[in-house]
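The values are calculated or read from the model by the stated rules, or taken from the named source; none is laboratory data. Note that the coordinates shown come from a computational prediction; the quantities given were computed from them, not determined experimentally. So basically every Cβ, Gly included, is an ideal-geometry build from the backbone, and we count neighbours across all protein chains shown.
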Ligand SMILES: C[S@@+](CC[C@H](N)C(=O)[O-])C[C@H]1O[C@@H](n2cnc3c(N)ncnc32)[C@H](O)[C@@H]1O
């Protein structure tokens, strides 16, 4: 008769499983539901932009777009190009994008939190950026296939229990040859602290690369934020929807 291991530990994704003699104990990661996330971000909405600014994220977003522009890595978007910001929050990433890259693009801001969307609407209006606001889960976007000329998204994918589904939906609405520019939380000590507070996940470059490839994105390139705290907490990946 085969004897059972006395002690064994297995890490399966973000779950842990211990086998101790004849017992198996598992610790399973649970993610907030869309309703819980929407309520959490509704409560955070009023202070969100100020906190982002104080922590240097708004500045870092601006510097990132400038460095991508200087490196000539992005398409030359025409006036009225359709750009979607998935999980737009208070529009910090979109505002920096519009300022540095495409002031005349039309931004569609998608989010599950009505309060975040209301602030995004105000800020985009004040900055005179052409836009529309859409309350939706980014995994079920109410747009036709190949509708957008580009998708941008900062610190949102890590909130999804199934990020592969989010990426698949983003790729569906992207025009072939167009880019997704994605900022995510890094898998390091600071990332883990953020994860503890917000209940999100962190990504390593390898994990994100696999997910992006599986979703049909090619020519992946990875970047660090050029400045500040954001450099420690986050990294950026650009991928293009295959045009074949
Ligand atoms: C960490 S905040 C980032 C906001 C903004 N992108 C920024 O960089 O400031 C995450 C945002 O994603 C939104 N969000 C979370 N899950 C979402 C989902 N499934 N679909 C759309 N938005 C979502 C939240 O409501 C919140 O506004």
Any hit, the stretch 122-140, residues being buried (at least 16 other Cβ atoms within 10 Å of the Cβ), under 19 Å from residue 208 (Cβ atoms) and touching a strand residue (DSSP E or B) at 6+ places or on another chain (Cβ under 9 Å): yes
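Mind checking whether some residue in the stretch 218-235 is assigned by TED's automatic domain parsing to the domain that holds residue 70, crowded, with 21+ Cβ neighbours inside 10 Å and more than 16 Å from the ligand (Cβ to nearest atom)? First the steps, then the outcome.
Step one: of the stretch 218-235, the residues assigned by TED's automatic domain parsing to the domain that holds residue 70 are 218-235.
From the residues that got through so far, the ones that are crowded, with 21+ Cβ neighbours inside 10 Å too are 225, 230, 233-235.
Still in the running and more than 16 Å from the ligand (Cβ to nearest atom): none.
No, the stretch 218-235 has no match at all.
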Qualifying positions in the stretch 120-130 - outside any loop (DSSP other than H, G, I, E, B) and away from the ligand (no atom under 14 Å from the Cβ): 122, 125, 126
Checking residue 25 against (1) at pLDDT 95 or above; (2) more than 19 Å from the chain's Cα centre (by Cα), the condition it does not meet: (1)
Flag for residue 151 being crowded, with 22+ Cβ neighbours inside 10 Å and under 23 Å from residue 243 (Cβ atoms): yes
Residue 161 over 26 Å from residue 102 (Cα atoms), away from the ligand (no atom under 13 Å from the Cβ) and either touching a helix residue (DSSP H, G or I) at 6+ places or on another chain (Cβ under 7 Å) or at pLDDT below 95 (or both): no
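Taking residue 187 as the residue in question, decide whether it is under 17 Å from residue 161 (Cα atoms), touching a residue at least 12 places away in the same chain (Cβ under 8 Å) and touching a strand residue (DSSP E or B) at 6+ places or on another chain (Cβ under 8 Å).
Values: under 17 Å from residue 161 (Cα atoms): yes; touching a residue at least 12 places away in the same chain (Cβ under 8 Å): yes; touching a strand residue (DSSP E or B) at 6+ places or on another chain (Cβ under 8 Å): yes.
Considered against the rule, which asks whether it is under 17 Å from residue 161 (Cα atoms), touching a residue at least 12 places away in the same chain (Cβ under 8 Å) and touching a strand residue (DSSP E or B) at 6+ places or on another chain (Cβ under 8 Å), residue 187 comes out as yes.
When you scan the stretch 69-100, how many residues do you find that are within 16 Å of the ligand (Cβ to nearest atom), over 14 Å from residue 124 (Cβ atoms) and surrounded by fewer than 21 Cβ atoms within 10 Å (Cβ to Cβ)?
First, pick out the residues of the stretch 69-100 that are within 16 Å of the ligand (Cβ to nearest atom): 83-100.
Of the ones still in play, those that are also over 14 Å from residue 124 (Cβ atoms) are 86-87, 100.
Now drop any that are not surrounded by fewer than 21 Cβ atoms within 10 Å (Cβ to Cβ), which leaves 100.
So the answer is 1.
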Check on residue 174, buried (at least 19 other Cβ atoms within 10 Å of the Cβ), within 14 Å of the ligand (Cβ to nearest atom) and closer than 27 Å to residue 242 by Cβ: no
Spans of strands (runs of 3 or more DSSP E) in the stretch 1-119 with at least 3 residues assigned by TED's automatic domain parsing to the domain that holds residue 141 and within 25 Å of residue 164 (Cβ to Cβ): 82-86, 106-111
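Pull up the stretch 177-193, narrow it to residues that are modelled with pLDDT of 95 or more and surrounded by 18 or more Cβ atoms within 10 Å (Cβ to Cβ), then point me to the one that is farthest from residue 203 (Cα to Cα). I'd like the intermediate steps shown before the answer.
Of all residues in the stretch 177-193, those modelled with pLDDT of 95 or more come to 177-184.
From what's left, surrounded by 18 or more Cβ atoms within 10 Å (Cβ to Cβ): 178-184.
Working: 178: 23, 179: 20, 180: 17, 181: 15, 182: 12, 183: 10, 184: 7 Å.
The residue in question is 178.
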